[in-house]
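The values are calculated or read from the model by the stated rules, or taken from the named source; none is laboratory data. On a predicted model such as this, the values are computed, not experimentally measured, just so you know. Here the Cβ is made from the backbone with ideal geometry for all residues, glycine too, and neighbour counts use every protein chain on show.
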Ligand code: ASP
């Protein structure tokens with residue numbers, strides 16, 4: 001072959017290989033659906049330095065358009081499922097969200113889901129989805145502590161990182177995750193710890209699942225508890241979740257709140273107990289009365305970390321109570337409500353608290 005022909009041949013092979021790589025990259029771009037529910041991440045204020053704002057004022061398309069480079073991470077589609085501050089999140093919206101996710105994820109055209117959500121009750125929705133989603137594809141919740149109009153708004157980078165995690169095959173099989181302020185945390189273990197700081201979410205007992213940095217993710221932990229594809233809960237035909245109330249314990253706690261909860265139709269009660277799930281004697285008696293009336297009582301704790309064990313200072317075996325193990329009151333409420341979808345004994349429910 002003449003030298004000039006050889007140079008042309010090398011050049012053509014080079015062009016073809018670049019073209020193939022480009023086509024391959026295009027093909028490999030993941031498909032991520034963003035389901036928007038409102039929250040501060042979609043919030044807007046009149047000025048950048050104002051603490052008051054309105055949640056859910058920005059549409060999902062405007063939110064995505066505000067994040068440079070996000071469309072290079074994945075093919076993105078957005079849907080508005082709800083538009084509330086998460087203080088108004090309800091079981092009805094959680095059911096709608098879980099059903100929509102279960103509809104989307106079996107499709108080969110969907111590789112992962114991002115849910116934008118207010119931070120106030122994000123851990124509750126994350127844990128609900130952790131138990132109700134029937135797929136091991138990534139489901140990522142994300143929010144922000146500052147509204148979109150604030151100086152140093154944290155929403156755009158959080159959303160960028162959330163899409164990067166949802167598009168990452170390494171995120172599969174780790175249950176529902178929350179991505180906020182560079183940290184990837186598991187739905188079971190994280191909790192909101194600051195009313196205003198951007199580093200609000202912590203997982204005090206279990207630590208991080210990984211870290212996310214500008215589209216590069218590093219995973220170093222698999223959540224230990226059962227979730228998603230190994231969860232026994234099926235919400236496909238559920239239209240109403242059983243009522244479960246949380247009662248906050250304190251010194252000189254009023255036991256009549258427990259009676260009122262039962263009289264108003266609660267099927268379950270979670271005590272946000274003092275210390276290791278404790279409450280005063282009068283409240284133990286009221287909780288025992290509730291159990292006799294068929295209500296399931298779970299002892300959790302108002303303390304931010306540690307477990308609640310059985311029969312420590314309160315005789316659960318005699319009184320028929322359930323101990324929440326690692327779950328805080330708000331997540332105990334989610335698990336108890338799901339557990340009450342079918343008849344179960346207190347012992348069977350205790351088993352669920354050791355599993356999820
Ligand atoms: N109240 C807001 C919400 O939970 C707070 C936030 O998103 O950070 O929707």
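How many residues, within the range 32-81, are at positive phi and within 16 Å of the ligand (Cβ to nearest atom)?
Number satisfying all stated conditions: 3.
Could you list, in sequence order, the residues of the range 207-226 that are part of a loop (DSSP other than H, G, I, E, B) and surrounded by 18 or more Cβ atoms within 10 Å (Cβ to Cβ)?
Here is the first cut: in the range 207-226, the ones part of a loop (DSSP other than H, G, I, E, B) are 207-209, 214-215, 220-226.
Correct list: 208, 209, 223, 225.
Residue check: is residue 61 at pLDDT below 95 and under 22 Å from residue 213 (Cα atoms)?
Considered against the rule, which asks whether it is at pLDDT below 95 and under 22 Å from residue 213 (Cα atoms), residue 61 comes out as no.
For residues that are more than 16 Å from the ligand (Cβ to nearest atom) and touching a strand residue (DSSP E or B) at 6+ places or on another chain (Cβ under 8 Å), tally how many sit in the range 82-103.
Matching residues across the range 82-103 total 3.
For residue 173, which of the numbered conditions (1) within 16 Å of residue 132 (Cβ to Cβ); (2) modelled with pLDDT of 95 or more fails to hold?
The number of the failed condition is (1).
Among the helices (runs of 4 or more DSSP H) lying completely within the range 247-356, list those that include at least 3 residues that are under 28 Å from residue 194 (Cα atoms).
Result: 329-339.
Quick one: in the range 135-163, of everything that is touching a helix residue (DSSP H, G or I) at 6+ places or on another chain (Cβ under 6 Å) and surrounded by fewer than 24 Cβ atoms within 10 Å (Cβ to Cβ), which residue is farthest from residue 110 (Cα to Cα)?
This residue is 148.
Tell me which residues, restricted to the range 319-339, are in contact (Cβ under 8 Å) with a residue 40 or more places away in the chain and over 19 Å from the mean Cα position of the chain (by Cα).
Matches in the range 319-339: 323 only.
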